[in-house]
1. What do you reckon, is Thr175 surrounded by fewer than 10 Cβ atoms within 10 Å (Cβ to Cβ), modelled with pLDDT under 65 and out of contact with any Asp or Glu (no Cβ under 8 Å at 6 or more places or on another chain)?
2. Looking at the range 10-31, which of the residues that are small (Gly, Ala, Ser) and part of a loop (DSSP other than H, G, I, E, B) is nearest to Asp72 (Cα to Cα)?
3. With Tyr108, Tyr46 as the choices, which residue is free of Cβ contacts under 8 Å to residues at least 40 places away in the same chain and within 18 Å of Ser122 (Cβ to Cβ)?
4. Right, Met27: closer than 25 Å to Val129 by Cα, more than 21 Å from the chain's Cα centre (by Cα) and at pLDDT below 90 or not?
5. What are the residues in the range 61-99 that are at pLDDT below 90 and in contact with a Leu (Cβ under 8 Å, 6 or more places away or on another chain), if any?
6. Yes or no: Phe56 modelled with pLDDT of 90 or more, part of a helix (DSSP H, G or I) and within 21 Å of the chain's Cα centre (by Cα)?
7. Taking interchain pairs and intrachain pairs at least six residues apart, which have beta carbon atoms under 8 angstrom, with the first residue in the range 133-155 and touching a residue at least 60 places away in the same chain (Cβ under 8 Å) and closer than 23 Å to Thr99 by Cα and the second polar (S, T, N, Q) and outside any loop (DSSP other than H, G, I, E, B)?
Amino acid sequence: MTGGFKLGGVDASTYGITLLKDPDAPMIPGTRDRTAKVLGRAGEIYIDSVQESRVFSLDCMFKGCTSPADLDNKIRAFAAALVDIDGRPKEMPLVFDETPTLTYTVKYAANIPFARAWAGCSKFTLSLVAYDPYAYEAEETTTATVTTSPATIPVTSTSVVKTPAKICIENTGATPVNGFTLKIYY
């Protein structure tokens, strides 16, 4: 059985939505390649590549509807959560239950195909796009008090892309006994 998801910080089950199967999303997004064609030369010259946006197709179902009117109310409530007051798609955090520390920033993409066969529930495919294709974890902080010179403080990162570190040094005293505190954010 698959887990669910949170969209905009709200659990899908709040809207009566169940995720039917694991999300259809590529392992890694496609690339946008920059190349140049040179007159009189075969092929192309490669310049560089960047990742495209990441698209999620979530097979979902409204469950627990007691009547067609109840289903309509759930549909309207969920549709309203996807757009802002002007009707534009909202940028929202998406978190899957299987990976609760990873957050994508998504908007709904295109239209949402919907099978309106009411028998207590209805299936639909929710398409979401993350224009920034990366998932982010909460910022971690490593704090250490340095009282000797030289000193080494190990810092590890689990990211798979280049992640800058922010280093803050706080002097807690002028004497070597007090040392200073080093905070590293990554």
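1. Working: surrounded by fewer than 10 Cβ atoms within 10 Å (Cβ to Cβ): yes; modelled with pLDDT under 65: yes; out of contact with any Asp or Glu (no Cβ under 8 Å at 6 or more places or on another chain): yes.
Against the criterion (surrounded by fewer than 10 Cβ atoms within 10 Å (Cβ to Cβ), modelled with pLDDT under 65 and out of contact with any Asp or Glu (no Cβ under 8 Å at 6 or more places or on another chain)), Thr175 qualifies.
2. In this case the residue turns out to be Gly16.
3. Numbers: Tyr46 fails: within 18 Å of Ser122 (Cβ to Cβ).
Checking each option against the conditions leaves just Tyr108.
4. On the way: closer than 25 Å to Val129 by Cα: yes; more than 21 Å from the chain's Cα centre (by Cα): no; at pLDDT below 90: yes.
Here the answer is no, as Met27 does not meet what is asked.
5. Met61, Phe62, Cys65, listed by residue number.
6. On the way: modelled with pLDDT of 90 or more: yes; part of a helix (DSSP H, G or I): no; within 21 Å of the chain's Cα centre (by Cα): yes.
Spelling it out, it is not the case that Phe56 is modelled with pLDDT of 90 or more, part of a helix (DSSP H, G or I) and within 21 Å of the chain's Cα centre (by Cα).
7. Here the result reads Pro133/Gln51, each pair linking the range 133-155 to a residue that is polar (S, T, N, Q) and outside any loop (DSSP other than H, G, I, E, B).
The values are calculated or read from the model by the stated rules, or taken from the named source; none is laboratory data. Given the structure is predicted, the values throughout are model-derived calculations rather than measurements. Using ideal geometry, Cβ is built from the backbone for each residue, glycine included, and neighbour counts are taken over all protein chains shown.
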